[in-house]
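Below is one structure, written out as structure tokens; the observations come after it.
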Amino acid sequence: MRLPASCVVVAVLLLLSGCKVAPPVPPPPPVAPLPLPPLRPPPPAEAREAAIWHFARSPGACTAAASGRTARLQITLRAGHPALFVFYAARGMVRHGPTASGALDFHGAGGGWTAIARIGPGSLAVAALRLDDQTVGRVALLLDGGILTPVGAAGALPALLLPPAGAEGRHWYGCARGLLF
């Protein structure tokens, strides 16, 4: 059975009339990427103190100190003992209770690191790290120069601007590496 052409045309028109083309959906508004969390800003220039390096070596131990006007970092490395990073502040600058948590935060041209520290009476922050390649690598970064900032409950304390340690620092670094073997 064959349908007349007019019936086919009417059937197609009825089918097409039931189909409506949906209006185009507008694209969603562009979503701005989430901002990265802000990096800890470096301390203001007035809260930074230029430091000078001093080095000492004895059998089984290497000690380095970076001293500023009111603050000092002392690094003590002894074979078979944790490496000690002690940040001292001048009397009256330390405002904290008996013990608090904090950190020593370092940023230099060669890289950076943060070490958890205890803030206690008599010294601002003490970080005791296992004496291994990673810790000696942290020392190498310090010797290359940068900014060491104490962070924690103690409030605003000066950061130390550590200069590159030069030939004397490289010689002392040999002492530090020697403690690993």
Which members of segment 142-152 meet the condition of being at pLDDT 95 or above and open to solvent by 40 Å² or more (accessible area, probe 1.4 Å)?
144
Failed condition for residue 164, given (1) part of a loop (DSSP other than H, G, I, E, B); (2) at pLDDT below 95; (3) of a type outside the set (A, V, I, L, M); (4) under 15 Å from residue 53 (Cα atoms)
(2)
Can you give me the number of residues within segment 107-138 that are open to solvent by less than 20 Å² (accessible area, probe 1.4 Å) and either modelled with pLDDT of 95 or more or more than 14 Å from residue 73 (Cβ to Cβ) (or both)?
4
Which of the residues that make up segment 64-103 are part of a strand (DSSP E or B), closer than 15 Å to residue 47 by Cβ and modelled with pLDDT of 80 or more?
71, 87
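The values are calculated or read from the model by the stated rules, or taken from the named source; none is laboratory data. Because the structure is predicted, anything quoted here is derived from the model rather than measured. Positions of Cβ are generated from backbone atoms using ideal geometry, with glycine treated the same way; all protein chains shown enter the neighbour counts. Just the protein is used for accessible areas: all its heavy atoms, side chains included, with ligands, DNA and RNA removed. Shrake-Rupley method; radii C 1.70, N 1.55, O 1.52, S 1.80 Å.
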